[in-house]
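Beneath this line is the structure, given in structure tokens, with notes to follow.
The values are calculated or read from the model by the stated rules, or taken from the named source; none is laboratory data. All of these numbers come straight from a predicted model, not from anything done at the bench. Note that each Cβ is placed from the backbone with ideal geometry, even for glycine, and that neighbours are counted across all protein chains shown.
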Amino acid sequence: MADGEAFDALMNTPFRGIRGRRDRVMLLLLRETALSVSELVSLRRGDLNPVTHRLTVGGKTVVLSASLSRALSEYAAVTALVSEDGAMPLFVNEAGQAISRQGFWKNVKARARLAGLPEEYTLQSFRREKNKKG
């Protein structure tokens, strides 16, 4: 299965509730921005500028597409993303703490099983694909 097909299969699984919205946005960010999972889980609310649709990651600015901005806005509406405390994690777990790399990977693996992807499936292919294009 080609990387794009695997991503499409992953994105065609059901995304329910706040956790589903969070996972969907995180996957879209990985795909579109080629961030590492470590960079993704370390994002803070202050790193996102919802007005300009820009994200600051490790000193660099990433411009988000309209569809990704829309997904982030939907996530923000559900999670009250607009906060005075820019140091708060952008992506949190059920306990309200920053989601860990391992926690996110566990969620992705479960979603990959739902999508019928092979056990050796990884997220690195999305970064490689994006880096080839960029």
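Which residues, taken from segment 25-76, are among the basic types (K, R) and closer than 19 Å to N12 by Cα? R31, R70, listed by residue number. Checking each residue in segment 38-92 for being at pLDDT 85 or above and β-branched (V, I, T) picks out V41, T52, T56, V57, T61, V62, V63, V92. If the condition is being surrounded by fewer than 19 Cβ atoms within 10 Å (Cβ to Cβ) and closer than 15 Å to A71 by Cβ, then segment 29-46 contributes only E32.
Residue-by-condition table, conditions (1) in a helix (DSSP H, G or I); (2) within 11 Å of the chain's Cα centre (by Cα):
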{"position": "L27", "(1), (2)": "yes, yes"}
{"position": "R31", "(1), (2)": "yes, yes"}
{"position": "V51", "(1), (2)": "no, no"}
{"position": "V62", "(1), (2)": "no, no"}
{"position": "S67", "(1), (2)": "yes, no"}
{"position": "A71", "(1), (2)": "yes, yes"}
{"position": "V78", "(1), (2)": "yes, no"}
{"position": "G96", "(1), (2)": "no, no"}
{"position": "K109", "(1), (2)": "yes, no"}
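Going by what's in this entry, would L27 be described as out of contact with any helix residue (DSSP H, G or I) (no Cβ under 7 Å at 6 or more places or on another chain) and either modelled with pLDDT of 90 or more or β-branched (V, I, T) (or both)? No.
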